[in-house]
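*Asks:* Got a structure for you, questions after.
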Amino acid sequence: MSSETKQILTTDGIPLEVSLKKAERKNKIKAFLLVAPLLLFLLITYIFPIGDMLMRSVDDKMVTEMLPKTFKSMEKWDGNEMPPEEVFESFYLDFQKLVEEKRDGKLSTQLNYTKNGFKSILKKLRRKAKNFEEGNYKEQIMDVHKRWANVEYWRAIKRRAPAYTSSKYLKGMDMYKNEEGKIVNVEEDRRIHRILWLRTLEIAFFVTLLCFLMAYPIAHLLATLPMKYSNLLMICVLLPFWTSLLVRTASWMILLQQQGVVNDFFVMIGLVPDDNRPEMMYNKTGTYVAMTQILLPFMVLPLYSVMKTISPSLMRAGKSLGGTPFVTFWKVYFPLTIPGIGAGCLLVFILAIGYYITPALVGGASGTLISNQIAFHMKSTLDWSFASAMGLMLLAGVLAIYWIYNKLVGIDNIKLG
Amino acid sequence: MALPKYTEPHYRIWHYVYIFICACVFFFLIAPLFVIFPLSFNAEEFLSFSEGMKNLDPDAFSLRWYKDMIYGTKNPWGLAAKNSFIIAIFATLGSVLLGTVAALGLSSRHMPYKGLVMATLISPMIVPLIISGVAIFFFMAKAGLAATHTGIVLAHIILGTPFVVITVTATLSGFDHSVTRAASSLGSDPVNTFMKITLPLILPGVISGGLFAFVTSFDEVVVVLFLAGLENTTIPIQMWTGLREQLSPTILAVATCLIILSTLILVTAELLRRRSERLRGINR
């Protein structure tokens, strides 16, 4: 009885609750359908390809597919002594097939990644294998070169049997798996990637700091000046913001070169002698100066938009309660600007950590970053799986920063002008 | 920012130091752009100020690099400019279309999984460009679109849509939905309501998002470096090669033109922003 009185019916005789739910669902579908085209487009062209990068970075099927018989016969071999005749025979058959298909070059490149010295012995094997007699392949192959009789090389081949590998990630951190399968560091003088990671972090950190130190005063000035002056000064921030990145990098290349304006000025005021002009480009200095100027607007704009909302009466109240200007600033004004500081620093740091163009042009050898290494492997060495692995490591770092930021400040507090 | 008369001397000094620091930072921001103008009129082949230029000798200035930019033999700038504009225009149209429609859905309070969807839609803006470049290259290579205009346009749509989504959702956040309901109750169908009511109101946001998308595409070099063949060269690509190989003053002439273009875009964007704030009734 009581439930019947609660049930309200629409004019169609359907309970209101059901009818409302239906309408709600219809609205949900409507909203989703509007988003669907872009979502689908991005999933196909962007999100899945990032997944594809992940596959490529761990993918090691190439060798697995090139030596199918070998790896099958190797399953029973424990890897302590020389492999049995069966392994040699299947290796010979796999290899002959590759030679016929002219794919033996790829195999030698791949095996050489695992262990140096495969290139020459595979070449030799290809020459000699033409005259091999049937049967007793073990002896015949071992006769080709003494390295073929070395169990180390056979173990190296066996290591390539799994279709997936973490070797690219280890390489990105200057580590590798040794013969016993332990993860160890590469020799001291060959640790290039760790230096690059550290340098990337260092440059991103200091560029962020420099940007913050420069942006804070001018954002404050812009937020407190009367509109007609601040609009004019805002152009100084917005014009570089809208100007092509390459134009701005070009202007720094002109300014910082040895015969450039900055050096001319230093000579003129007698800071440096004319015949010994300092190198300010193609090193870290160039990267710092150019990146700071280029990323500065990204710090100013969020700071400005936050400072604009802070009422000047708060400062007056602080002063009237006896605070000196510095104390009032520190206790009242500064804490209110923290969302802006957070947003600006996050933005600049993330942009700096993935910077590519400017370091490549003004950075020289000592000012290049991890992105330059990724581009180098994409375009020059064509080791795409390594480039993918490094890219994903960078991406993981960036996502970690977002996560930490979200925990500390909250991503919703970001204001972008 | 005039100081009151009773300000104590050391605060007065601090105030002038502060103004001086600000002046230095503004100078640091804007001055590098202005070094390009005079040097692009250099009569000589060097990228530094000649003695004649310092003495303002009229013979030291010339338009030869501008002539070289337009009429130079085997010059790549014509093709690059054509490609850049074609790619940027189509990428902008694509971004605006996809982005605006998606923003309409996102702004609806019925949208399920709003946070996750929003994060996905703006991810191309968050992920470092170099990674986007690698991922997009893998897709385009598989789809057979590498080294085609279509491929580059699609790539730039990916990079441009987040800006449109953000600006349009921001505009819609102050949008009074009762006007669309009023239109519906008066018998207007949804498409008509959108064209006649919603679109005119959110147009400033749409256009400024489009401007962002245009600039992103027009200025983009990292992804194009991976994707472009010789036929698809763009202005940024040409500048990149020029800056790496032979630093000729022609680049400065091009750079000057680009600065003028960006000034125009800046003015448009500012006017739009103010108009949008007026329309939405935000008084600052």
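The values are calculated or read from the model by the stated rules, or taken from the named source; none is laboratory data. What you see is a predicted model; the values in this text were computed from it and never measured. Neighbour counts are summed over all protein chains in view; Cβ atoms, including those assigned to glycine, are modelled from backbone coordinates with ideal geometry.
*Asks:* Touching a helix residue (DSSP H, G or I) at 6+ places or on another chain (Cβ under 6 Å) and either aromatic (Phe, Trp, Tyr) or under 22 Å from A:Ile203 (Cβ atoms) (or both): is that true of A:Ser366 in this structure?
*Replies:* Working: touching a helix residue (DSSP H, G or I) at 6+ places or on another chain (Cβ under 6 Å): yes; either aromatic (Phe, Trp, Tyr) or under 22 Å from A:Ile203 (Cβ atoms) (or both): yes.
Criteria met by A:Ser366.
*Asks:* Filter the helices (runs of 4 or more DSSP H) completely within the range A:305-376 down to those with at least 1 residues that are within 23 Å of A:Pro226 (Cα to Cα) and assigned by TED's automatic domain parsing to the domain that holds A:Phe206.
*Replies:* Details: elements: A:312-320, A:325-328, A:338-353, A:357-362, A:370-376.
Of the helices (runs of 4 or more DSSP H) lying wholly inside the range A:305-376, those with at least 1 residues that are within 23 Å of A:Pro226 (Cα to Cα) and assigned by TED's automatic domain parsing to the domain that holds A:Phe206 span A:312-320, A:325-328, A:338-353.
Yes or no, residue by residue, for (1) charged (D, E, K, R); (2) in contact with a helix residue (DSSP H, G or I) (Cβ under 8 Å, 6 or more places away or on another chain); (3) at the interface with chain A (Cβ under 7 Å from one of its Cβ atoms); (4) within 19 Å of A:Gly51 (Cβ to Cβ):
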| position | (1), (2), (3), (4) |
| --- | --- |
| B:Pro112 | no, yes, yes, no |
| B:Gly115 | no, no, no, no |
| B:Ile122 | no, yes, no, yes |
| B:Ala135 | no, yes, yes, yes |
| B:Phe138 | no, yes, yes, yes |
| B:Thr148 | no, yes, no, no |
| B:Ala155 | no, yes, no, yes |
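*Asks:* To continue, here is another question. Going by the conditions given, is B:Phe61 of a type in the set (A, V, I, L, M, F, W, C) and more than 28 Å from B:Leu225 (Cα to Cα)? Steps first, answer last, please.
*Replies:* Values: of a type in the set (A, V, I, L, M, F, W, C): yes; more than 28 Å from B:Leu225 (Cα to Cα): yes.
It is true that B:Phe61 is of a type in the set (A, V, I, L, M, F, W, C) and more than 28 Å from B:Leu225 (Cα to Cα).
*Asks:* Which residue out of B:Val267, B:Val206, B:Val215 is within 11 Å of another protein chain (Cβ to nearest Cβ), modelled with pLDDT of 90 or more and within 30 Å of B:Ala170 (Cβ to Cβ)?
*Replies:* Working: B:Val267 fails: modelled with pLDDT of 90 or more; B:Val206 fails: within 11 Å of another protein chain (Cβ to nearest Cβ).
Testing whether each residue is within 11 Å of another protein chain (Cβ to nearest Cβ), modelled with pLDDT of 90 or more and within 30 Å of B:Ala170 (Cβ to Cβ) leaves just B:Val215.
*Asks:* I'm checking my understanding of the structure. Among residues of the range B:241-257 that are of a type in the set (A, V, I, L, M, F, W, C) and surrounded by fewer than 22 Cβ atoms within 10 Å (Cβ to Cβ), which one is modelled with the highest pLDDT? Walk me through how you get there before you give the answer.
*Replies:* From the range B:241-257, those of a type in the set (A, V, I, L, M, F, W, C) are B:243, B:247, B:251-255, B:257; that's our starting set.
With surrounded by fewer than 22 Cβ atoms within 10 Å (Cβ to Cβ) added as a condition, the list becomes B:243, B:247, B:257.
Values: B:Leu243: 87, B:Leu247: 74, B:Cys257: 90.
Per the stated criteria, the residue is B:Cys257.
*Asks:* Condition first: over 29 Å from B:Leu225 (Cβ atoms) and modelled with pLDDT of 90 or more. Now tell me which residues in the range B:64-105 satisfy that.
*Replies:* B:Thr100, B:Val101, B:Ala103, B:Leu104, B:Gly105
*Asks:* Inside the range A:237-253, can you point out the residues that are closer than 23 Å to A:Tyr282 by Cβ and either in a helix (DSSP H, G or I) or basic (Lys, Arg) (or both)?
*Replies:* Of everything in the range A:237-253, those that are closer than 23 Å to A:Tyr282 by Cβ and either in a helix (DSSP H, G or I) or basic (Lys, Arg) (or both) turn out to be A:Pro240, A:Leu245, A:Leu246, A:Val247, A:Arg248, A:Thr249, A:Ala250, A:Ser251, A:Trp252, A:Met253.
*Asks:* Here are some residues: A:Ser320, A:Ser313, A:Ser380, A:Ser388. Which one is among the polar types (S, T, N, Q), farther than 24 Å from A:Val409 by Cβ and surrounded by 24 or more Cβ atoms within 10 Å (Cβ to Cβ)?
*Replies:* Numbers: A:Ser320 fails: surrounded by 24 or more Cβ atoms within 10 Å (Cβ to Cβ); A:Ser313 fails: surrounded by 24 or more Cβ atoms within 10 Å (Cβ to Cβ); A:Ser380 fails: surrounded by 24 or more Cβ atoms within 10 Å (Cβ to Cβ).
When all the criteria are applied, what remains is A:Ser388.
*Asks:* Considering the range B:236-264 alone, what residues qualify as being more than 8 Å from chain A (Cβ to nearest Cβ), in a helix (DSSP H, G or I) and under 28 Å from B:Ala147 (Cα atoms)? It would help to see each step written out before you state the result.
*Replies:* Going residue by residue through the range B:236-264, those that are more than 8 Å from chain A (Cβ to nearest Cβ) are B:237-238, B:241-242, B:245-246, B:248-250, B:253-254, B:256-257, B:260-261, B:264.
If we keep only those that are in a helix (DSSP H, G or I) as well, we get B:237-238, B:241-242, B:249-250, B:253-254, B:256-257, B:260-261, B:264.
Scanning the range B:236-264 gives B:Ile237, B:Gln238, B:Thr241, B:Gly242, B:Thr250, B:Ala253, B:Val254, B:Cys257, B:Leu261.
*Asks:* Which residues, taken from the range B:218-235, are more than 9 Å from chain A (Cβ to nearest Cβ) and not in a loop (DSSP other than H, G, I, E, B)?
*Replies:* B:Val223, B:Val224, B:Leu227, B:Leu230, B:Glu231, B:Asn232
*Asks:* Condition test on B:Phe20, is it surrounded by fewer than 13 Cβ atoms within 10 Å (Cβ to Cβ), facing chain A (nearest Cβ under 9 Å) and within 30 Å of A:Ala219 (Cβ to Cβ)?
*Replies:* no
*Asks:* Among A:Met268, A:Met299, which is the only one that is farther than 29 Å from B:Ser248 by Cβ and hydrophobic (A, V, I, L, M, F, W, C)? Quick ask: steps written out before the conclusion?
*Replies:* Values: A:Met268 fails: farther than 29 Å from B:Ser248 by Cβ.
Result of the check over A:Met268, A:Met299: A:Met299.
*Asks:* A further question follows. Of the residues A:Lys76, A:Lys97, which single one is basic (Lys, Arg), surrounded by fewer than 19 Cβ atoms within 10 Å (Cβ to Cβ), part of a helix (DSSP H, G or I) and more than 14 Å from chain B (Cβ to nearest Cβ)?
*Replies:* Working: A:Lys76 fails: part of a helix (DSSP H, G or I).
Result of the check over A:Lys76, A:Lys97: A:Lys97.
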